[in-house]
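Undergrad: Structure incoming, see below.
The values are calculated or read from the model by the stated rules, or taken from the named source; none is laboratory data. Every value quoted in this text rests on a predicted model; they were computed, and no experiment measured them. Don't worry about glycine lacking a Cβ; one is built from the backbone with ideal geometry, like all the others, and counts go over all protein chains shown. Surface areas here come from the heavy atoms of the whole protein model, side chains and all, with no ligands, DNA or RNA. Shrake-Rupley method; radii C 1.70, N 1.55, O 1.52, S 1.80 Å.
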Amino acid sequence: MKNLIEKTWIMKPIVAIMILSFINLSFTFAENKVVLKAGTFIPLEVISEITTANMTVGQLIDFKVTKDVSVEGNVVIPYGAIAKGQVTRFEKRKGIGKGASVQIQLKSVTAKDGTEIILTGGNLSEEGNSKLALSIVLAIFVCPFFLLLKGKHAVIPAGTALSATVASDVYIEL
């Protein structure tokens with residue numbers, strides 16, 4: 001009997017600790033995080049005019065979010081947040097009236113908590129006007145030096161609207 005009582009006194013604290021540990025593990029405390037789902041639409045616009053007059057491949061271009069993006073009623077990407085795009089293709093204007101061209105791919109946007117969110121599906125491209133016909137006609141009838149006539153620069157005006165989508169699920173702190 002004495003042996004049984006000693007075992008009971010030893011087992012009670014161990015059982016109590018195990019029960020408390022199990023209870024502690026079974027409850028999850030609400031975290032202040034939400035999930036921004038892949039495919040979420042992000043509306044953007046060009047902040048300042050983009051021109052091929054002074055551009056290089058790899059150059060970063062800033063865009064602005066035009067509308068709050070919310071998850072479960074919480075703003076995770078506020079209006080005015082800055083998104084980054086990168087020049088992926090660029091051709092200077094050339095002789096024989098060929099215009100310049102540029103292609104920009106949207107890369108990321110910064111969430112309210114500072115998390116960088118990778119974007120997909122947002123491409124912007126533009127080509128400058130060609131003067132090919134004018135260059136050839138003037139070269140034939142006036143002077144061959146008109147073959148050196150260049151096309152126009154590609155220009156994307158400020159305020160041009162575009163959109164991208166979130167590439168993968170992202171956890172954002174509130």
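Conditions (1) touching a residue at least 24 places away in the same chain (Cβ under 8 Å); (2) under 19 Å from Glu126 (Cα atoms); (3) open to solvent by 20 Å² or more (accessible area, probe 1.4 Å), marked per residue:
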| site | (1), (2), (3) |
| --- | --- |
| Thr51 | yes, yes, yes |
| Thr56 | yes, yes, yes |
| Glu72 | yes, no, yes |
| Val76 | yes, no, no |
| Lys84 | yes, yes, yes |
| Ala111 | yes, no, no |
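Undergrad: Please find, within the stretch 97-140, the residue that is modelled with the lowest pLDDT out of those that are aliphatic (A, V, I, L, M) and assigned to a strand (DSSP E or B).
TA: Looking at the filtered set, the residue picked out is Leu124.
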